[in-house]
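Asks: I have a structure I would like to understand better, so I am pasting it below and will then ask my questions one at a time.
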Amino acid sequence: MKITILSGSSRPDNNTMRLALAIANQLPEAQIIDFKDYDIPFPNQGGVDRTNLTAFQAQLLTAFEEAHLLFVLSPEYNWFPSAELINMVHQLANSSHIRIFNNKVFAFCGVSSGAGGRIPTIQLGNLFDKILNVFNMNSITSPKKFEARFIMDVLDKDGKSLGNSEFDAGLKQFIDHSVKLAKKWN
């Protein structure tokens, strides 16, 4: 089974990467797509041209398309998912690229330096559900979401646990549930 982790923040030294690394530490076969090199144009700047992809776009599209399980991680900015993730969906959920959304399980995580993280998971889940419905995809969004709250207090910059047993147990449960769901779905 192929697993991709989308670390949906392009900020340097972002907290979303801490969670991506923590998931990858438990799933060493997973591939992380780091949005630090994000270069998907906004709709008014054109589209993603499959015949002329940048290195980031090629890596993203290939990993997205090949994945059976996609972990979609978003920081919470003012109660919203990252602009990069929303723009990615705008640019890829169309007739040119829609096949990359087929035959997979999507699992959502929200990341916050404080008490947030829930809203991006709900918004992204609703958005992906709508895409899967409208385009009649054979995919599913996991009903189990994960809120990575107070992230700097629970994970170091390499995604290693800082010893919060409640967080560690919750993350493991989320990962195990997502993998189990993907195995059943595929």
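Asks: Among the residues of segment 166-186, write down those that are touching a residue at least 24 places away in the same chain (Cβ under 8 Å) and surrounded by 15 or more Cβ atoms within 10 Å (Cβ to Cβ).
Replies: Gly170, Leu171, Phe174, Ile175, His177, Ser178, Val179, Leu181, Ala182, Trp185
Asks: Continuing with the same structure: Exactly one of these conditions fails for Lys104: (1) surrounded by fewer than 21 Cβ atoms within 10 Å (Cβ to Cβ); (2) out of contact with any Cys (no Cβ under 9 Å at 6 or more places or on another chain); (3) farther than 19 Å from Asp34 by Cβ; (4) modelled with pLDDT of 95 or more. Give me its number.
Replies: (1)
Asks: For segment 114-165: of the residues being touching a residue at least 12 places away in the same chain (Cβ under 8 Å), among the polar types (S, T, N, Q) and not in a helix (DSSP H, G or I), which is surrounded by the fewest Cβ atoms within 10 Å (Cβ to Cβ)?
Replies: My answer is Asn138.
Asks: In this structure, does Ser82 turn out to be among the hydroxyl-bearing types (Ser, Thr, Tyr) and either closer than 22 Å to Lys180 by Cα or out of contact with any strand residue (DSSP E or B) (no Cβ under 6 Å at 6 or more places or on another chain) (or both)?
Replies: Judged against the criteria, Ser82 is not a match.
Asks: Could you please let me know if Phe167 is in contact with a strand residue (DSSP E or B) (Cβ under 6 Å, 6 or more places away or on another chain), modelled with pLDDT of 95 or more and either under 18 Å from Pro75 (Cβ atoms) or among the charged types (D, E, K, R) (or both)? Steps first, answer last, please.
Replies: Numbers: in contact with a strand residue (DSSP E or B) (Cβ under 6 Å, 6 or more places away or on another chain): no; modelled with pLDDT of 95 or more: yes; either under 18 Å from Pro75 (Cβ atoms) or among the charged types (D, E, K, R) (or both): yes.
The answer is no for Phe167.
The values are calculated or read from the model by the stated rules, or taken from the named source; none is laboratory data. Predicted, not measured: the structure shown is a model, and the values here were computed from it. Positions of Cβ are generated from backbone atoms using ideal geometry, with glycine treated the same way; all protein chains shown enter the neighbour counts.
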